[in-house]
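**Student:** Dumping the structure here so I can ask a few things about it.
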Amino acid sequence: MKKAILSILFLVFSTIKAQESQNIPSEKMNIIKTNVTAYAFRNINLSYERAINQWFSLNIGFGTMPEGKVPFINAFLKDKDEKRFENLRVKATNFTIEPRFYIGKGYGKGFYFAPYYRYSDVSSNTFDFYYDYNGPDGNTYQIPLKGQGDTKGNSGGLMVGVQFFLTRSQNLVLDFWIAGAHYGSGKGDFTMTSDYILTPDMQAQLKKEIENLDIPFVKYTVETNANGAKIKVDGPWAGFRSGLSLGYRF
């Protein structure tokens, strides 16, 4: 009887251990990546993806852009407007939380849909700005100002992508962000100050000049006073995502 009980206990214990072993996933569940295409925009970034199960994972990313020129500023400002911001420098940070739903083989491989939340923070140095004031005497005067400020945005979006394992050991990863877009709201303040006392007519022309810059994807309002102008960002905040990330799976 004693031997029989010991045999049963040994069999039960062996069965439990076998079940536990089966429940332990053989897949590598962690991936660390960096978006290599973002470095063209001075965006230093790192993300970590953790597979929760075969079809679902959570990706968390952080990026920072050191202070420097606005990337591709000539793409949305006219040549004459770009010259007004010759010494403008900006820096930015962003934080992204991105659940991923895989429809391929899973565990981080194949096509995926990813709803996401992104926080962004953009600030500037103290930069020079000027505008041409058309005086009542028929002459044009160049009025210099100093500007600075920052703005923050919260947005949500959706991205579609595909992730590949590039080596037989499945350690090297390529993550292709096919397309993503986010939309939300942004708030911030930029100020421009002048050493000149601005008359009402000078203020009106300054207000018009700033409004005519027509910066894309951001809604802003302009208020002027005798000392300069205040630009308030308070409205839609939109952006797009695409790129290639390389990573290591472990």
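**Student:** Can you tell me which residues in the range 81-114 are touching a residue at least 60 places away in the same chain (Cβ under 8 Å), part of a loop (DSSP other than H, G, I, E, B) and either within 24 Å of the chain's Cα centre (by Cα) or closer than 15 Å to Gly147 by Cα (or both)?
**Tutor:** Hit for the range 81-114 is Gly108, nothing else.
**Student:** In addition: Just checking, how many residues over the range 211-250 are closer than 14 Å to Asp189 by Cα and not charged (D, E, K, R)?
**Tutor:** The total comes to 10.
**Student:** Just give me the residues in the range 204-225 being of a type in the set (Asp, Glu) and either modelled with pLDDT under 85 or over 15 Å from Leu145 (Cα atoms) (or both), in sequence order.
**Tutor:** Hits for the range 204-225 are Glu211, Asp214.
**Student:** Further question: Taking the range 115-131 only, how many residues are touching a residue at least 40 places away in the same chain (Cβ under 8 Å), assigned to a strand (DSSP E or B) and within 16 Å of Met192 (Cβ to Cβ)?
**Tutor:** 6
**Student:** How many residues are surrounded by 15 or more Cβ atoms within 10 Å (Cβ to Cβ) and acidic (Asp, Glu) when one looks only at the range 44-80?
**Tutor:** Residues flagged as surrounded by 15 or more Cβ atoms within 10 Å (Cβ to Cβ) and acidic (Asp, Glu) within the range 44-80 amount to 1.
**Student:** When residues of the range 115-152 are filtered for being over 30 Å from Glu27 (Cα atoms), surrounded by fewer than 17 Cβ atoms within 10 Å (Cβ to Cβ) and under 15 Å from the mean Cα position of the chain (by Cα), how many remain?
**Tutor:** Here the count works out to 3.
**Student:** Of the residues that sit in the range 221-250 and are out of contact with any strand residue (DSSP E or B) (no Cβ under 7 Å at 6 or more places or on another chain) and part of a strand (DSSP E or B), which one is farthest from Ala204 (Cα to Cα)?
**Tutor:** Looking at residues that are out of contact with any strand residue (DSSP E or B) (no Cβ under 7 Å at 6 or more places or on another chain) and part of a strand (DSSP E or B), I get Asn225.
**Student:** Step by step: first the residues of the range 59-80, then only those that are in a strand (DSSP E or B) and hydrophobic (A, V, I, L, M, F, W, C), then the one that is nearest to Tyr117 (Cα to Cα). Which residue is that? It would help to see each step written out before you state the result.
**Tutor:** Our first condition is that a residue be in a strand (DSSP E or B); within the range 59-80, this holds for 59-68.
Then keep just the ones that are hydrophobic (A, V, I, L, M, F, W, C); that gives 60, 62, 65.
Details: Ile60: 10, Phe62: 12, Met65: 19 Å.
Taking the candidates together, the pick is Ile60.
**Student:** Quick one: which of Phe13, Phe41 is within 22 Å of the chain's Cα centre (by Cα), modelled with pLDDT under 90 and open to solvent by 70 Å² or more (accessible area, probe 1.4 Å)?
**Tutor:** Working: Phe13 fails: within 22 Å of the chain's Cα centre (by Cα).
On inspection, the qualifying residue turns out to be Phe41.
Let's see how each residue does on (1) open to solvent by less than 30 Å² (accessible area, probe 1.4 Å); (2) hydroxyl-bearing (Ser, Thr, Tyr); (3) more than 22 Å from Asp128 (Cα to Cα); (4) more than 25 Å from the chain's Cα centre (by Cα):
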residue	(1), (2), (3), (4)
Met202	yes, no, no, yes
Lys208	no, no, no, yes
Val222	yes, no, no, yes
Gly228	yes, no, no, yes
Val233	yes, no, no, no
Ala238	no, no, yes, no
Ser245	yes, yes, yes, no
Tyr248	no, yes, yes, no
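**Student:** Polar (S, T, N, Q) and open to solvent by less than 20 Å² (accessible area, probe 1.4 Å), is that true of Ser155?
**Tutor:** yes
**Student:** So, one more: Could you tell me whether the range 157-168 includes any residue that is touching a Phe, Trp or Tyr at 6+ places or on another chain (Cβ under 9 Å), more than 30 Å from Lys80 (Cα to Cα) and aromatic (Phe, Trp, Tyr)?
**Tutor:** Yes, the range 157-168 contains at least one residue that is touching a Phe, Trp or Tyr at 6+ places or on another chain (Cβ under 9 Å), more than 30 Å from Lys80 (Cα to Cα) and aromatic (Phe, Trp, Tyr).
**Student:** Test each condition in (1) surrounded by fewer than 17 Cβ atoms within 10 Å (Cβ to Cβ); (2) at negative phi; (3) in contact (Cβ under 8 Å) with a residue 40 or more places away in the chain for Gln170 and report the one that comes out false.
**Tutor:** Of everything listed in (1) surrounded by fewer than 17 Cβ atoms within 10 Å (Cβ to Cβ); (2) at negative phi; (3) in contact (Cβ under 8 Å) with a residue 40 or more places away in the chain, Gln170 misses just condition (2).
The values are calculated or read from the model by the stated rules, or taken from the named source; none is laboratory data. Computed from a predicted model, the values in this text were never measured in an experiment. Neighbour counts run over all protein chains shown; Cβ positions are idealised from the backbone, glycine included. These area figures cover heavy atoms from the full protein model, side chains too; ligands, DNA and RNA do not enter into them. Shrake-Rupley method; radii C 1.70, N 1.55, O 1.52, S 1.80 Å.
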